[in-house]
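Taking it in order: structure first as C-alpha cells, then the write-up.
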Amino acid sequence: SHLNAVILGEALASEEDDLVFPSHDFSRQALIPSPQKVSFFPFFFLLPPSISLSLWNTYLEMYKRSIEDPAGFWSDIASQFYWKQRWQDHVYSENLDVRNGNVKIEWFKGGITNICYNCLDRNIEAGLADKIALYWEANEPGIDASLTYSQLLQRVCQLANYLKAIGVKKGDAVIVYLPMLLELPITMLACARIGAVHSVVFAGFSSESLAQRIVDCKPKAVITCNAVKRGPKTINLKDIVDAALVESAKDGVSVDVCLTYENQLAMKRQDTKWQEGRDIWWEDVVPKYPTTCDVVWVDAEDPLFLLYTSGSTGKPKGVLHTTGGYMVYTATTFKYAFDYKPNDVYWCTADCGWITGHSYVTYGPMLNGAKIVLFEGAPNYPHPGRCWDIVDKYKVTIFYTAPTLVRSLMRDGDEHVKRFSRKSLRVLGSVGEPINPSAWRWFFNVVGDSRCPISDTWWQTETGGFMITPLPGAWPQKPGSATFPFFGVQPVIVDEKGVEIEGECSGYLCVKSSWPGAFRTLYGDHERYETTYFKPFPGYYFTGDGCSRDKDGYHWLTGRVDDVINVSGHRIGTAEVESALVSHPQCAEAAVVGVEHEIKGQGIYAFVTLVEGVSYSEELRKSLILTVRNQIGAFAAPDKIHWAPGLPKTRSGKIMRRILRKIASRQLDELGDTSTLAEPGVVDQLIALADC
Ligand code: 6R9
C-alpha cells in the first residue's frame, strides 16, 4: 500500500490511518522527541479538547504548562533574551472579549529591549561574530554574496545612523519597497535599531497600492532600489515609486526622502529617473556613516512594524505588531517547528514583503543566530532545478516554501529534482495555504527522499508566528494536516452561533486567549480590529478560516470562509479586485470569486457587467486585466473574465456569491435555490456565456 512508501525505520503505523512517522534517527535527535515506539493511541480525557491524541511526551508536558501557566512558561523563555529592564508586574494582560470593553493585548509591558540588539549584538557577544548570517544568491546563477553577523551589524548601524541623521525618530514610519537584496533585511533591522516602524511593501505591488500605504502611514522616508531582475525580466522599481509619490502627494502626503539603492546588476544609475533633492543614492551616503550605532531602547509594547494585508472590504489593513511578544514568539516558533540546531542552514523562499519574510526570513531565524539563505530570483529560473541547485550549493538543511511552488515543481517533473543531491536537507516546511495530500507526498518522497518531516505551518499576518504546526519528530504526520497547536495556542472550532464544538467536527476556527505574537491593532482603526476579528464570535479571536478536527485531534484547515481568496499563498480581497475592475470606464459592475486552480491553489474568477452599449471583446478583456495589474499588482490579475449581462442578486440587492462560485466551478447541478433572486433569469444567461 502507499503506506509502505512512507513508513520509516523501526516506526510502526496503524493500519487504518494515513500516518507518516518520523524516523527513529530523526526523533532521537529532535528538540521535542516522540516516544521510541508508537503502536496505538489511547485517548487522554484530561487533555484540552484540541489535543485528543495522547502523545505522553515532552510536547504534552510543555503544552500543558503553556496553557495552565502562560506567564511562567513565556517568562522563562523571554528571560533568554536581552532586556535592558525586565517587564513589570505581570507577564501579560489581555481582554479579547468585546463584551467586557475594548480589546487589548499586552505582553511583557514595561520590559525594555530592542529586537535588533537581540538579533545581532546579543548573538555576536555569544560568539557568533564570524558566523554567516546571510548568504545572498542572485537571480543569475554564479553571483552571490554573504555577510557574517558582525558584518551585518556594521551595515545595519551605518543605515541606522543615516536614518537618524535625516531625522527619523522612534515611532516614525519608514516605507520599504525593496526586492530580496541584502539591503532589505538590513533596512528592517536598521529601523528596529532606532525604534522606527518599518512597513515593507512587497515589490510586486503597483504604484497605486504603494501610494495607498504611503497615505495611510505617512512615512518619514521611502527606501527602494532602482531596478531588479526577476527571472529574465528587469523591473524598474524606481518608476513605480515615483508614480506612487506623485499619487500620495495628491492626497496631501509628501515624502521628503527617497533613499535609492543602485542595484547595478539590474540598472545603472544614469538610466534611473531622478528627482534632485528628494532622491538620494544609498551608496553615496550610507557607507560614510559610522559602523556602530547606539540602540534606541523601546518598550516591549512599542510598535515594531506595520504590514498591510487584504481583508474582505476594499481598504488594506495595517496589521500592527509590537516588539517584545513578537520577538519571543517568532524566535520560539522558529526553533521548535523547524527543530533548529546551530549548524543548520535555513532557506525560506518567501519574500520579506509578506509576513513569512518578516517572521521567518528575518526575525525568527536571526534571533536564533541561524545561517540564512536569501534568494533574489525566481525559483524556476533559469531552469526548473534551480531550488535544488541552491540547496546543494549552500548545503541547506531546512527548506521552507509554499504549496504553489511545490505543485509547479511537481508538474515540471522529478528529473529536475533528482539531478541534485539534496542530502543536506533535514526538515521541510510549507506555508500560505492548505497543502493538498498529493503535493505533500511529492514534497516528502521526491524532494525529501522520504527522510525529512514536513512542517505544514498554519498561521497568519495577524498571528505573527506559527499557530498550528507539526513539531518535526514529535508525532506522526498526516499529509495535508497542520496537526496540533503550538505552545500557548488554544485553537477552538465554533459553530455559526459561536458555540465551541469538540471532538471530531468542523466549523469556524477561532483562538481562545492571546499569545505573545498576536497583533495588537489595525493601524489607526482599532474599531475595525474589533469588528473584524473579535465581534463575529465574542470571546474569541476569529481567524477567517474554516477548520475540521479528526478523531485523533489533528487539525485540517479548509480555507477562508470570508471574502478573501488565496492565490499562490497571497491573500487578496475580492473587494479589492472588484473595485479595481469597476474603475475601468467600460465596466459597470464586477463580482469576484475564487475557483480551484491546479497550481495556484485558488484562481481569480471575475464576473463583469459592461456599461450600456459596450460589447465585449478580447481587447477589452485584456484591458480589464491590465487595470487590475496596475491597481494592485500582477499577482492579483484575474485568471478568467466571465461576461455577465446581469449578476444574481437578492431582492435587497445583495450579490449571491454562492451561486457565482458554483457557476465559476461549473457545478451547475448544485446551484441550489435560485427562487429568492430578484431576476432568476440571469443565472441561465450566465451559464450560456460561461465559455465565451
Ligand atoms: C502566513 C500567511 C493567512 C491565510 C490563513 C489561511 C492561509 C496560511 C496555511 C494556510 C492552510 C496552512 N494559510 N498557512 N492554510 N494551511 N499551512 O500565509 O499569512 O498571508 O496573512 O495568510 O493563509 O487561510 O488565514 P497570510
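Data table
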item: Given (1) part of a loop (DSSP other than H, G, I, E, B); (2) within 16 Å of the ligand (Cβ to nearest atom); (3) among the aliphatic types (A, V, I, L, M), index of the condition residue 492 fails; result: (1)
item: Residue among 143, 194 that alone is closer than 30 Å to residue 634 by Cα, over 21 Å from the mean Cα position of the chain (by Cα) and among the aliphatic types (A, V, I, L, M); result: 143
item: Members of segment 528-571 found to be in a loop (DSSP other than H, G, I, E, B) and among the hydroxyl-bearing types (Ser, Thr, Tyr), listed by number; result: 540, 554, 568
item: Checking residue 570 against (1) surrounded by 17 or more Cβ atoms within 10 Å (Cβ to Cβ); (2) at pLDDT below 95; (3) more than 25 Å from residue 412 (Cα to Cα), the condition it does not meet; result: (3)
item: Matching residues in segment 437-447 - criterion: being surrounded by fewer than 20 Cβ atoms within 10 Å (Cβ to Cβ) and either under 19 Å from residue 395 (Cβ atoms) or among the aliphatic types (A, V, I, L, M) (or both); result: 446
item: Scope segment 596-620; condition part of a strand (DSSP E or B) and either surrounded by fewer than 18 Cβ atoms within 10 Å (Cβ to Cβ) or not hydrophobic (A, V, I, L, M, F, W, C) (or both); matching residues; result: 596, 597, 601, 602, 603, 605, 609
item: Any hit, segment 241-259, residues being of a type in the set (Val, Ile, Thr), outside any strand (DSSP E or B) and surrounded by 18 or more Cβ atoms within 10 Å (Cβ to Cβ); result: yes
item: Test: residue in segment 350-360 that is touching a helix residue (DSSP H, G or I) at 6+ places or on another chain (Cβ under 9 Å), at pLDDT 95 or above and away from the ligand (no atom under 16 Å from the Cβ); result: no
item: In segment 529-555, residue surrounded by the most Cβ atoms within 10 Å (Cβ to Cβ) [restricted to those that are of a type in the set (D, E, K, R) and within 16 Å of the ligand (Cβ to nearest atom)]; result: 549
item: Whichever residue in segment 395-436 is of a type in the set (Lys, Arg) and either assigned to a loop (DSSP other than H, G, I, E, B) or under 24 Å from residue 545 (Cβ atoms) (or both) and, among such residues, is nearest to the ligand (Cβ to nearest atom); result: 407
item: Segment 382-417, subset surrounded by fewer than 16 Cβ atoms within 10 Å (Cβ to Cβ) and in contact with a Gly (Cβ under 9 Å, 6 or more places away or on another chain), residue nearest to residue 184 (Cα to Cα); result: 382
item: For residue 308: the one exception among (1) buried (at least 20 other Cβ atoms within 10 Å of the Cβ); (2) more than 20 Å from residue 185 (Cβ to Cβ); (3) aromatic (Phe, Trp, Tyr); result: (2)
item: Residue match in segment 206-229 (condition: under 20 Å from residue 287 (Cβ atoms), crowded, with 21+ Cβ neighbours inside 10 Å and in contact with a His (Cβ under 6 Å, 6 or more places away or on another chain)); result: no
item: Pick from segment 437-466, criterion among the hydrophobic types (A, V, I, L, M, F, W, C) and within 18 Å of the chain's Cα centre (by Cα), ranking: farthest from the ligand (Cβ to nearest atom); result: 454
item: Every residue from segment 668-692 that is out of contact with any Gly (no Cβ under 9 Å at 6 or more places or on another chain) and assigned to a helix (DSSP H, G or I); result: 668, 669, 670, 683, 684, 687, 688
item: Residue within segment 200-219 that is among the basic types (Lys, Arg), touching a strand residue (DSSP E or B) at 6+ places or on another chain (Cβ under 9 Å) and part of a loop (DSSP other than H, G, I, E, B) present; result: yes
item: Residue identified as within 30 Å of residue 321 (Cβ to Cβ) and surrounded by fewer than 20 Cβ atoms within 10 Å (Cβ to Cβ) among 379, 453, 434; result: 379
item: Options 469, 483: the member that is at negative phi and within 14 Å of the ligand (Cβ to nearest atom); result: 469
item: Residues that are surrounded by 13 or more Cβ atoms within 10 Å (Cβ to Cβ), part of a loop (DSSP other than H, G, I, E, B) and out of contact with any strand residue (DSSP E or B) (no Cβ under 6 Å at 6 or more places or on another chain), drawn from segment 260-269; result: 265, 267
item: Selected residue (criterion: nearest to the ligand (Cβ to nearest atom)) from residues of segment 573-590 that are surrounded by fewer than 24 Cβ atoms within 10 Å (Cβ to Cβ) and outside any helix (DSSP H, G or I); result: 583
item: Search result, residues across segment 566-596 that are more than 17 Å from residue 655 (Cα to Cα) and under 20 Å from the mean Cα position of the chain (by Cα); result: 566, 567, 568, 569, 570, 571, 572
item: Test for residue 513: is it among the small types (Gly, Ala, Ser), within 25 Å of residue 325 (Cα to Cα) and in contact (Cβ under 8 Å) with a residue 24 or more places away in the chain; result: yes
item: Residue ID - farthest from the ligand (Cβ to nearest atom), chosen from residues in segment 320-349 that are surrounded by fewer than 24 Cβ atoms within 10 Å (Cβ to Cβ) and closer than 20 Å to residue 108 by Cβ; result: 335
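Quick grid of which residues meet (1) within 30 Å of the chain's Cα centre (by Cα); (2) outside any loop (DSSP other than H, G, I, E, B); (3) surrounded by 17 or more Cβ atoms within 10 Å (Cβ to Cβ):
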| residue | (1), (2), (3) |
| --- | --- |
| 628 | yes, yes, yes |
| 641 | yes, yes, yes |
| 645 | no, no, no |
| 658 | yes, yes, no |
| 662 | yes, yes, yes |
| 666 | no, no, no |
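The values are calculated or read from the model by the stated rules, or taken from the named source; none is laboratory data. Here the structure is a predicted model, which is why all the values come from computation and not from measurement. Methodologically, a virtual Cβ is constructed for each residue, glycine included, from the backbone with ideal geometry; neighbour enumeration extends over all protein chains shown.
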